[in-house]
Amino acid sequence: MSHVYAYGVQCPKAAGIIHLGATSCYVGDNTDVIIMTEALKIVEKKLVSVIRQLSRFAEKYKDLPTLAFTHFQPAQPTTVGKRATLWIQDLLMDLEDVRYVLSTMKLLGCKGTTGTQASFLELFDGDHDKCKQIDRLIAEKMGFSECFAVSGQTYSRKLDSRVVNVLAGIAQSASKFSNDIRLLQHLKEVEEPFEKNQIGSSAMAYKRNPMRSERMTSLSRYVMIDVLNPYITAATQWFERTLDDSANKRLSVPEAFLAVDAILNLYINVSDGLVVYEGAITAHLMNELPFMMTENIMMDAVKAGGNRQELHEKIRALSQEIKSSGGRNDLLEKIAADPAFGKTLDQLNEICRPEKYVGRAPRQTEDFLRETVAPALAPYESLETEKAEINV
């Protein structure tokens, strides 16, 4: 009411009709939809920037073999670029969700106290078409295609839950990425950017802590939990409206956007400066690959006349000996030294070339970037890739 009075003071001739027939939700709810729509467009642009940068990373490292994990236990090899496509795919799903929600955003319009437009029907002398027209004009004036066809005093709070759910999905994807980077940094294979004067640890001068990725994980956790607020708010609205939504949505919705904006700034920064240690990647892979190749070696030896059970027991014993020693993996040398296998070390090294065991990973990466990512990014060709500076 203080605002209505202030406007009336500024424009005395209009003072008698300002806010006539409307409620505070006419102002607040329509404004909230406009703000959420503009905020989603900012999120959309930053998502595109991250996808672009990760795509360049995937292209650059599509052929670099690396040890893949299941259960965080060594499994079959993949490539560094192929692993990055998994991060990109999650973000493409988020981008699809953002685009969809943006395409369905509707204003409340001018519905009155309980959504019946009764006051406007009276103002328009019973003209129902004018009541419908005013909603169309409001939508057009504010740049929307339409208003909600029906409502209580407020737009359905399900809209807030839908919007924050999309934000939580982005947080989920970012958390997956940041956790992977933290694990890779522990393995000394891939590292987030580290500023020249950044101190990793106040106690341990040699350390480089994954501070950006940890911050992404932390903020993402907040947003994923925050999604419960609009869910519960939408579920507990009584009939045409109740006011227990107001204080909650003024915190939960804006803070979800602010947190996701920070998450994407971090994502942009980290993905733009990832450091790849190819030597460490290859060393880790080659320390495990001989174990993975033993079945192939054994089958070749059996074809040459060896006894499968005897060969299996030899490999088992040698493998356990190496694991127990904790030293360098010299399994190939030990196998080459045993005439039962009938292979020279050169022959075994040829069998154990990493690129032979990455399957379609390089080709999958190429196909994915060309057939899936490029079409998704095509509408944003004129959009400049954003940069983000992070204080650490």
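Values in this text are rule-based calculations from the coordinates and carry no lab data. Since we're looking at a predicted model, the values are computed, not measured. A quick note on method: Cβ atoms are made from the backbone with ideal geometry, for glycine too, and the neighbour counts reach across all protein chains shown.
Going through the cross-link list LYS13/LYS111; LYS188/LYS356; LYS45/LYS132; LYS41/LYS141; LYS13/LYS41; LYS45/LYS188, which pairs have a Cα-Cα distance over 30 Å in this structure? Violating the 30 Å Cα-Cα cut-off are LYS45/LYS132; LYS13/LYS41; LYS45/LYS188.
Of all segments of the chain bounded by chymotrypsin sites (Phe, Trp or Tyr not before Pro) found in a DSSP loop with no more than 11 other C-beta atoms within 10 Å, the longest spans 240-392.
As a proxy for reagent exposure, SER382, SER220 were ordered by neighbouring Cβ count within 10 angstrom, fewest first; the result is SER382, SER220. Estimated from helices alone, the mean residue ellipticity of the chain at 222 nm is -20500 deg cm²/dmol (sum of -39500 (n - 2.57) over DSSP H runs with n ≥ 4, per residue). Let a ≥ b ≥ c be the square roots of the eigenvalues of the Cα gyration tensor of region 285-357; is it rounded (a/c under 1.5), or, if not, prolate (a/b larger than b/c) or oblate? Cα axes put region 285-357 in the oblate bin.
Measuring between alpha carbons in the structure, the pairs from LYS303/LYS343; LYS106/LYS130; LYS46/LYS249 lying more than 21 angstrom apart are LYS46/LYS249.
Using a 10 Å Cβ count of at most 13 others and DSSP loop calls, identify the longest part of the chain lacking such trypsin sites (Lys or Arg not before Pro).
1-195
The relative contact order of region 172-301, computed from alpha carbon pairs under 8 Å that lie at least 6 residues apart in sequence, is 32 percent. Cα axis of helix 278-303 to longest principal axis of the chain: angle in degrees, 0 to 90, nearest 10? In the chain, helix 278-303 runs at an angle near 60 degrees to the longest axis.
Across region 18-27, computed HN-Hα scalar couplings (Karplus, 6.51 cos²θ - 1.76 cosθ + 1.60, θ = phi - 60°) run 4, 6, 5, x, 9, 10, 4, 5, 4, 6 Hz from first to last residue, x flagging Gly and Pro.
Straight-line cross-link partners of LYS62 among the aspartates and glutamates, defined as a Cα under 15 Å from its Cα and at least 8 positions apart when in the same chain: GLU278, GLU355, GLU366, ASP367.
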